[in-house]
2 protein chains.
Amino acid sequence: MPTLALSPAWQALKAHRLAMAGADMVKMFAADPQRFENFSLRHDCMLLDYSKNLVDAETMRLLMALARERGVGNEMQRLFRGDKVNASENRPALHTALRDDRPLLVDGVDILPQVEATLARMRAFTDGVRAGAITGSGGKKIADVIHIGIGGSHLGPALVTRALAPYSTGGPRVHYISNVDAAAAYTVLAGLDPAATLVIVASKTFTTIETLTNARLVRDWLGSAAEGALVAVTANTRLAAEFGNAEERIFPFWDWVGGRYSLWSAVGLPVALGVGMDNFDKLLQGAHDMDAHFRDAPFEHSMPVVLALLGIWYNNFFGAASYAVLPYDESLALLPAFLQQLDMESSGKRVTRDGEPVDYDTGAIVWGAPGTDAQHSFFQLLHQGTRLVPADFIAACEPHHAAHAQHAILLANYFAQTAALMNGAPQDGFPGNRPSNSILVEKLTPRTLGLLLALYEHKVFVQNTIWGTNAFDQPGVELGKRLAARMLPELENGDPVAAYDASTNGLINFYKAHRDSGN
Amino acid sequence: MPTLALSPAWQALKAHRLAMAGADMVKMFAADPQRFENFSLRHDCMLLDYSKNLVDAETMRLLMALARERGVGNEMQRLFRGDKVNASENRPALHTALRDDRPLLVDGVDILPQVEATLARMRAFTDGVRAGAITGSGGKKIADVIHIGIGGSHLGPALVTRALAPYSTGGPRVHYISNVDAAAAYTVLAGLDPAATLVIVASKTFTTIETLTNARLVRDWLGSAAEGALVAVTANTRLAAEFGNAEERIFPFWDWVGGRYSLWSAVGLPVALGVGMDNFDKLLQGAHDMDAHFRDAPFEHSMPVVLALLGIWYNNFFGAASYAVLPYDESLALLPAFLQQLDMESSGKRVTRDGEPVDYDTGAIVWGAPGTDAQHSFFQLLHQGTRLVPADFIAACEPHHAAHAQHAILLANYFAQTAALMNGAPQDGFPGNRPSNSILVEKLTPRTLGLLLALYEHKVFVQNTIWGTNAFDQPGVELGKRLAARMLPELENGDPVAAYDASTNGLINFYKAHRDSGN
């Protein structure tokens, strides 16, 4: 049996939760004029206000004690120094090393030179493409980049490309193909010129079926232009070369970087091509700055630790099954999807690192959408539904455009919603007392985006440490993958299938009967 | 006190839930060779397989009894015949009338002529634009349509425009602006020609701040081309005319159509412009066909009733706080967002139609993403997390493209995942026994899309009927809106704000200090 639920800190939190049953945020603000100061953190140009939560000083003290009791400090040190924190796969998880400039030994080898050499190669390549020195077929300047990857090789770069669009002047357009649904690839290819298109294929193993299937489709589309157009990001140099990649066009994807933490590696190449290597460097610096904050700040002042503990508080002591991510920023439209992967793939675990089934909840459902759109969609439930949904509200003070009055409307809504969720209006059917975090950055720059993404990476790590689970593996994706591979040949012929349960047989046979409708 | 939780059918379900504690789907399939036939429904070219659920014949019998006890049949009749089912707003909810060809009296007036006249106007306008007879400024053919709306005036048309992209040949490109974040508008406008662009502003009241703010931004961009470019969909003809719309360019938005059910009205104009009015008619016909199925089929054979009851089963008897929508179809990428609004805004309620606080859960969190992408993201949690997440898997047998072998890969994954969720592999850490519905259509056509969307509309209606809640109002959006309007003028000056709680003051003042960073 895992020890967590029996631990003194956990038991103390359970008792404290009962004592907090009638906690009323409005009253807590009235009782403590310093509540905002006491329950908010600033780091650099970022503000994390967590005062609109169902917590008091005692809650935070007990949560901090839990973090200490569960060895968060020690596990963090193991993470940073390259210990094999991904025990099930016997690997370290060194995304932090990708944004550091200090030597680090992995199995006796300093990885810093590899990291720096790869960044240098990325810079040379990126500069060459953007300046027109590296061209497409027939000497055409590269106008478009297609990045083919899925999951961890897709969501990070896609998010950042969109978020940093204001920095993309002068660079090629960057497109993403991830879904094996060929409609995705055809939509991207429509209107592009093979002679002016660069194609990046990102897959650690270079065997991911979705990525390779799409890569073949796009290679066919490239035709004779393929030779100069292909780039790979992979750990499998041999397969990438066989696919048609020149050696100097193969960028490394190291074993010690997990897919969903790989944005900071050469997987970020499409980002660098779109916004330039200087901006990619600033993204790394922002993330590194959050690493340093996480490593050095006392738990009480650590943004990742505080965010993680609040998550544990609602997840495990209030039964909140989900939390919402609400960027008031159209450029962060993909943040909920990115955090879905980061958090749910890391934390959707039912056994501890020792293989023992947990007797408490682990990862929650992450979901969300940009405000103000979301206000006209699901906010009804946030305000008046029966479910407790803690929410992270994220915004930037300063826009990239000149319509400052319109930005003020966006921000007025941002401020109003967390106030409305907390204060409510009981006479009008709004119970209030609904919790939220507010994260404000000065401006959404490469640097602050790096801060923000690393903040969530470390939040997820702290939560897994507390649960005793491994934040860096994903064994749950294997079963379906194996089964799909087994089914695929059986879909090709017209014979009815009877090898599976009656439901699966029935579905497959319906497909076989209807896939050539002629409509 | 609401009567639901004390009703005989509810109590019987509670007892039955205990009896089902050890229910094992794999064993139930083994025990009943007809389980697939018994627990699946076909309608037209659509299959709903619900056999992979934690239900047996007794479960379904008790759930059907609940639907009957709660008067679902009667409430459905009230819906279709135009009774004021939206009691809090004293209005009927007549989205079904928008796709019907039979007379219907509302307050003594037959609405069919209005509906038909509007469809005829939409056809004339759409045909004119697509043929080049209705042009932009200086006689230019319309190349682009911008639709400005938010929430109900946005998500439906945006979903359908994307889903029916294979039918858009020959039509103008259609773009959407919803978020008040001006970055959204600027992104759409980049590269468009005011003289070849039509701009639709959709707002029932023509006062929605996001929509009107964006409309003004776009009108400024249009400059002298605005006169011929503006179109409105609204119930407020006066304000639309004052904004600059010619009378014949104002399409009606009736009081008896709720925003999130308005796709089928003139709010669908951008869809019709993109894919042609014949295809929009087929969309309506598909939805009407689902209406007829819902109205006429016995509950046991009714897809909306079955889907709704399964939702109630997990929501109220298993404590499932969310369900996932997983389209294995890139063109349905916006379906989770559309259903978030449809379901959560309808069902996120804490009082019954009589104003009594509920003592049971109502609406669940709706979330999801297209497969196979989602497999490489959050499926880890679906397979091995600690939470029960019922899921709807949606796919089409036949693709619109010729890459049939690649479509088979997509479908192999579709079949494999529900099988893996159910069967599991306990020796490998997959507990299995995780429920799902599979919805398969022959092909994603305008008609089958209409079937699918109306299926969920009626599902949501049935669930609200059982909970005794109003599926057609959204009072929870008002408080934040009022507060934002009050705050807005206070954001304009540089003075510190002290009028709110300390958190809200602190956030606003951080914004004021950082909004002109100069970075």
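Descriptive notes on the structure:
- Among the residues of region B:85-100, those identified as open to solvent by 20 Å² or more (accessible area, probe 1.4 Å) and of a type outside the set (G, A, S) are B:E89, B:N90, B:R91, B:D100.
- A:G476, sole failed condition from (1) within 11 Å of chain B (Cβ to nearest Cβ); (2) surrounded by fewer than 20 Cβ atoms within 10 Å (Cβ to Cβ): (2)
- Residue within region B:288-299 that is within 25 Å of B:Y360 (Cα to Cα), open to solvent by less than 30 Å² (accessible area, probe 1.4 Å), away from chain A (no Cβ under 14 Å) and not small (G, A, S) present: yes
- Flag if B:A499 is modelled with pLDDT of 95 or more, within 11 Å of another protein chain (Cβ to nearest Cβ), surrounded by fewer than 24 Cβ atoms within 10 Å (Cβ to Cβ) and in a loop (DSSP other than H, G, I, E, B): yes
- Some residue of region B:147-166 being in contact with a strand residue (DSSP E or B) (Cβ under 7 Å, 6 or more places away or on another chain), free of Cβ contacts under 8 Å to residues at least 60 places away in the same chain and within 12 Å of another protein chain (Cβ to nearest Cβ): yes
- In region B:329-343, the residues that are within 8 Å of chain A (Cβ to nearest Cβ) and touching a residue at least 40 places away in the same chain (Cβ under 8 Å) reach residues that are among the basic types (K, R) and buried (at least 23 other Cβ atoms within 10 Å of the Cβ) with C-beta atoms within less than 9 angstrom, at least six apart or across chains, in these pairs: B:Q341/B:R260.
- For region B:481-496, filtering for residues that are at the interface with chain A (Cβ under 8 Å from one of its Cβ atoms) and modelled with pLDDT under 95 leaves 1.
- Some residue of region B:10-20 being in contact with a Leu (Cβ under 7 Å, 6 or more places away or on another chain), open to solvent by 20 Å² or more (accessible area, probe 1.4 Å) and of a type in the set (G, A, S): yes
- For region A:269-283, filtering for residues that are under 19 Å from the mean Cα position of the chain (by Cα) and crowded, with 24+ Cβ neighbours inside 10 Å leaves 6.
- Cβ-Cβ under 6 Å pairs, at least 6 apart or on other chains, region B:33-62 side within 8 Å of chain A (Cβ to nearest Cβ), far side of a type in the set (K, R): B:S51/B:R35
- Matching residues in region B:29-40 - criterion: being out of contact with any Phe, Trp or Tyr (no Cβ under 7 Å at 6 or more places or on another chain) and buried (at least 18 other Cβ atoms within 10 Å of the Cβ): B:F29, B:F36
- The criterion of at least 3 residues that are more than 21 Å from A:T469 (Cβ to Cβ) is met by the following helices (runs of 4 or more DSSP H) wholly inside region A:23-119: A:25-31, A:35-38, A:57-69.
Yes/no per residue for (1) open to solvent by 60 Å² or more (accessible area, probe 1.4 Å); (2) among the polar types (S, T, N, Q):
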position: B:R102; (1), (2): yes, no
position: B:D110; (1), (2): no, no
position: B:V115; (1), (2): no, no
position: B:R130; (1), (2): no, no
position: B:T135; (1), (2): no, yes
position: B:K141; (1), (2): yes, no
position: B:I150; (1), (2): no, no
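- Looking only at region B:502-518, and only at residues there that are within 7 Å of chain A (Cβ to nearest Cβ) and in a loop (DSSP other than H, G, I, E, B), the one that is nearest to A:H407 (Cα to Cα): B:R515
- Subset of region B:227-267 (residues that are modelled with pLDDT of 95 or more, closer than 22 Å to B:V109 by Cα and surrounded by fewer than 17 Cβ atoms within 10 Å (Cβ to Cβ)): B:A235, B:T237
- Check on B:G480, assigned to a helix (DSSP H, G or I) and within 30 Å of B:V305 (Cβ to Cβ): no
- Residue among B:L119, B:L98, B:L164 that alone is under 23 Å from B:R260 (Cβ atoms), among the aliphatic types (A, V, I, L, M) and not assigned by TED's automatic domain parsing to the domain that holds B:K204: B:L98
- Every condition in (1) among the β-branched types (V, I, T); (2) touching a strand residue (DSSP E or B) at 6+ places or on another chain (Cβ under 7 Å); (3) under 24 Å from A:M64 (Cβ atoms) holds for A:I312 except the one numbered (2).
- Flag if A:A485 is open to solvent by less than 20 Å² (accessible area, probe 1.4 Å) and under 29 Å from the mean Cα position of the chain (by Cα): no
- The set of residues in region A:32-49 being of a type in the set (A, V, I, L, M, F, W, C) and more than 15 Å from B:Y500 (Cα to Cα) consists of A:F39, A:L41, A:C45, A:M46, A:L47, A:L48.
- Meets criteria (open to solvent by less than 20 Å² (accessible area, probe 1.4 Å), within 9 Å of another protein chain (Cβ to nearest Cβ), part of a loop (DSSP other than H, G, I, E, B) and under 19 Å from B:L388 (Cα atoms)) for A:A320: yes
The values are calculated or read from the model by the stated rules, or taken from the named source; none is laboratory data. Only a predicted model underlies this, so the values are computations on that prediction, with no experimental measurement involved. Using ideal geometry, Cβ is built from the backbone for each residue, glycine included, and neighbour counts are taken over all protein chains shown. Accessible surface areas use protein heavy atoms only, side chains included; no ligands, DNA or RNA. Shrake-Rupley method; radii C 1.70, N 1.55, O 1.52, S 1.80 Å.
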